[in-house]
Amino acid sequence: MSEITKVAEKEPTFAFGKKERKLLTDPLNDNNPITVQVLGICSALAVTTKVDASFVMAIAVVFVCAFSNLIISLLRNSIPKSVRMIVQLVAIATLVTIVELVLKAANYTVFTELSVFIGLIITNCIVMGRLEAFAMANGPWKSFLDGIGNGIGYGIILIAVAAIRELFGKGTFYNIQILGDWYTPNGLMVLFPSAMFVIGILIWIHRSWNRDLIDVS
Amino acid sequence: MESQLLNIFIKSAFIENLALAYFLGMCSYLAVSKTVKTAFGLGLAVIFVLGITMPINWIISNYLLAETGVFGIDLTFLRLILFIAVIASMVQLVEMVVEKFSPSLYNSLGIFLPLITVNCAILGGSLFMVSKEYNFSESIAFGLGGGFGWFLAIIAIAAIREKIQYSAVPGPLRGLGMAFLLTGLMGMAFMSLMGIDPAAF
């Protein structure tokens, strides 16, 4: 945050007013990618068995989302409509390949844990969805902020789910023992279906707290 | 040989179901499963695209990207970009062919065809196929089986969601929340298939 405001002081084009702040905070609550927009569920389910893996995943998604939004927003006036999907996918795929190679070099154990799911960021609907819905119609700076906001909104849910699953599934948090020997790890929490239950319950809590989001149909 | 292909088909359709065992393609699975009719169209399109892209991606990864391939150098870092390009162009091609030869099917599928590009079950299937080191015909069986399993899963959830509209679900849980809980339960049911060895039949 401090970096962003520093840039804003220097350059007026990178204004950081109320509107821009809303771009960052909206995806955290009213327009959360996972619990409201239903985007990016697959990776949210698969990587959330451990907090450290989901932390890395969240950072990767923030990076890919922000920079693909920036690139597509810069190119938005020169992309023909008929090939826009392929252009978008190439931009995303390039960024994801960068993330994959960097992670492979920096932290190989987490890389093997995340395996195909780093690759699947390409098809993470958050990235593509934000490109279609926001970057194709807005300027680079706003799109960049929107990418960061949505990435963080996704990351928060990811880490919340991972914290619950790791705590009850293994009795640990970030690989540190929290629950003592008296706790028998609940094997179900490590398996996929529990991610569904945890996210379902998170949606329940979120919507009872923010009642505007309730499905009326 | 044939029985082995059948094994892979059954294994990828039921035991390693892309939707309910690996939870791939969840976004469109949750977003499009409000009625059985649309779920049916999307499911068919997924079978079709998986069945086509899987052998094409097999050829690419074995003859272009592998060290023993045409270029003689290890190009696996290009895998993601090429796979996704194949999928995007295949979806575009399928869309054009369907539009030309069967306008009625095209109209009933509507926007679901382009949506398949970002269905992670397709790309995930291709990446699984590489990591499992299938041969060419096995990759076709894996693609068709995976697509069929995904088709069954989306029809099942859509049917349940149609019926659950008549139940008194708590307000905040209505719609999306309930779909999550249902999918979790279905996933647990599918987990009980995991111990089955299709070779035993």
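The values are calculated or read from the model by the stated rules, or taken from the named source; none is laboratory data. Every value quoted in this text rests on a predicted model; they were computed, and no experiment measured them. Note that we place each Cβ from the backbone using ideal geometry, even for glycine, and neighbour counts take in every protein chain shown. With ligands, DNA and RNA removed, areas are computed over all heavy atoms of the protein, side chains included. Shrake-Rupley method; radii C 1.70, N 1.55, O 1.52, S 1.80 Å.
Per the 1.4 Å probe, what fraction of the accessible area of segment B:94-201, in percent, lies on carbon and sulfur atoms?
Exposed carbon and sulfur together represent 68 percent of the surface.
Going highest first, how would you order A:16-28, A:163-175, A:123-135 by mean Cβ packing within 10 Å?
Per-residue mean Cβ counts within 10 Å order the peptides as A:123-135, A:163-175, A:16-28.
Can you bin every Cα-Cα distance in segment A:162-217 into 5 Å intervals starting at zero and give me the percent of pairs per bin, rounded to whole numbers?
Reading upward from the zero bin: 4, 19, 20, 17, 14, 11, 8, 4, 2, 0.
Using a simple charge model, +1 on the beta-carbon of Lys and Arg, -1 on the beta-carbon of Asp and Glu, nothing else, what dipole does segment B:64-188 show about its Cα centre, in debye to the nearest 20?
The dipole magnitude comes to about 500 debye.
Divide the volume of the convex hull of the Cα atoms of chain B by its number of residues and quote the answer in cubic angstrom per residue.
Measuring per residue, one finds 137 Å³ for the Cα hull of chain B.
Suppose every Lys and Arg Cβ carries +1 and every Asp and Glu Cβ carries -1, with no other charges. What dipole size does chain A come out with about its Cα centre, to the nearest 20 debye?
420
Looking at this model, which pairs from A:Lys81/A:Lys142; B:Lys11/B:Lys37; B:Lys100/B:Lys132; A:Lys81/B:Lys100 are more than 25 angstrom apart at the alpha-carbon?
B:Lys11/B:Lys37; B:Lys100/B:Lys132
What number comes out for the charge environment of B:Leu44, summing +1 per Lys or Arg and -1 per Asp or Glu over other residues with Cβ under 15 Å away?
Net charge around B:Leu44: 0.
Would you list the P(r) distribution for segment A:42-151, with all Cα-Cα distances sorted into 5 Å bins from 0 and each bin expressed as a whole %?
Here the calculated profile for segment A:42-151 is 2, 14, 24, 22, 17, 11, 7, 2, 0.
Which order, highest average first, do B:115-121, B:175-181 follow once you tally other Cβ atoms within 10 Å for each residue and take the mean per peptide?
B:115-121, B:175-181
How well do other chains shield peptide A:149-161, expressed as the mean number of their Cβ atoms within 10 Å of each residue Cβ?
0
Please report the carbon-and-sulfur percent of the accessible area for chain A; probe 1.4 Å, protein heavy atoms only, DNA, RNA and ligands left out.
Percent of accessible area from carbon and sulfur atoms in chain A: 66.
Working from Cα positions, state the angle (0 to 90°, nearest 10) between the long axis of helix B:79-101 and the longest principal axis of chain B.
Once rounded, one gets 70 degrees.
Pick out which of B:Glu162, B:Glu95, B:Glu138 has the largest mean-square fluctuation in a Gaussian network model of chain B, springs linking Cα atoms closer than 10 Å.
The residue with the greatest mean-square fluctuation here is B:Glu162.
Show me, bin by bin at 10 Å from 0, the whole-percent P(r) of the protein assembly as shown based on Cα pairs.
P(r) over the protein assembly as shown, rounded to whole percents: 5, 21, 32, 28, 12, 3, 0, 0.
If the reach is capped at under 18 angstrom between alpha carbons, list the lysines near B:Lys34, excluding any in the same chain fewer than eight residues apart.
B:Lys163
When chain B is modelled as a GNM with alpha-carbon springs shorter than 10 Å, which of B:Leu185, B:Leu44, B:Leu24 fluctuates the most?
B:Leu185
Give me the 1.4 Å probe accessible area per residue for chain A, excluding ligands and nucleic acids, in Å².
Each residue of chain A exposes 46 Å² on average to a 1.4 Å probe.
For segment B:12-101, what size does the Cα cloud have along each of its three principal axes, sorted from largest down, in whole Å?
Computed over segment B:12-101, the largest-to-smallest principal extents equal 50, 36, 19 Å.
For labels at B:Leu78 and A:Thr25 in the simple 7 Å Cα→Cβ model, what's the distance in nm?
4.8
Select from B:Leu80, B:Leu113, B:Leu173 the residue whose mean-square fluctuation is largest in a Gaussian network model of chain B (Cα-Cα springs shorter than 10 Å).
Fluctuation is largest for B:Leu173.
Extending each Cα 7 Å along its Cβ direction at A:Leu75 and B:Leu152, get the distance between those two points in nm, one decimal.
Taking the two extended label points, one gets 4.1 nm.
Could you size up the charge dipole of the protein assembly as shown around its Cα centre, putting +1 on the beta carbon of Lys and Arg and -1 on that of Asp and Glu, and report it in debye to the nearest 20?
Charge dipole of the protein assembly as shown: 1020 debye, to the nearest 20.
Quick one: net charge of A:Ala93's neighbours, Cβ under 14 Å, K/R +1, D/E -1?
0
Residues with amide H under 5 Å of A:Phe173's amide H, sequence separation 5 or more or different chain, H placed in the peptide plane at 1.01 Å from N; which?
Here the answer is A:Ile178, since their amide H atoms fall under 5 Å of that of A:Phe173.
Give me the accessible area buried between chains A and B, both sides summed, with a 1.4 Å probe, in Å² rounded to the nearest 100.
Roughly 3500 Å² of accessible surface disappears when A and B pair.
Could you give the nm distance between label points at A:Phe173 and B:Val70, where each point is 7 Å from its Cα heading toward the beta carbon?
A separation of 5.5 nm, rounded to one decimal place.
How much length is gained if the chain between B:Lys100 and B:Leu6 is pulled fully straight, taking 0.36 nm per residue apart and subtracting their Cα-Cα distance, in nm to one decimal?
30.5 nm
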